[in-house]
Structures are given as C-alpha cells and as structure tokens.
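Derivation of every value follows stated rules applied to the coordinates shown; laboratory data play no part. Since we're looking at a predicted model, the values are computed, not measured.
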C-alpha cells in the first residue's frame, strides 16, 4: 500500500468537521422535530384517551430528555481534537 492510499484511508476514517453554525442549526432542527413529534404524539394520545394534559406533558418531557442527549452528543463531537493539516501535507510531499 503506497502513501497516497494510506492518506485516503485516514481521511475516510476521520469524522467530518463542520462549522459551528451548521452544528448549531442542526441541533435546533433536532430539538424542534423532537418537540413536534413527542408533543404531537402526546397530544394525539390525550385526544384518544381523554386525558387532557397528561400525555402531552410526558411527550414534552421526553423531548427535553432527547434534547439533553442531542446537546451531549454535540459537545462530545466538538471536544474531539481536530486533525492537524500539517501532518497530511508532509505525507503528501513525501510521494
């Protein structure tokens, strides 16, 4: 295996690093969808079973739990060190 193939493998194994704006907007979208889905399911269950705010509140609580998980995932991903570009450039110049 030559150096170029090794570099391609390393690039494929690295997670993509996105800008903070994209990460923040994706987090906002995840939270909005979670509130809509869990809250909507709770609202539907309340209408079906005649329990006024019970399932809606459970759905909202589940969406907040999911939101905490999504924030934790984002913080974990952002805290990983970024790969150094200098190492890749020095490997490319060796060929």
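See the values below:
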| item | result |
| --- | --- |
| Principal axis dimensions, the range 35-79 - Cα atoms, whole angstrom, descending | 46, 13, 8 |
| Length released on extending from residue 33 to residue 47, taking residue separation times 0.36 nm less the Cα-Cα span | 3.0 nm |
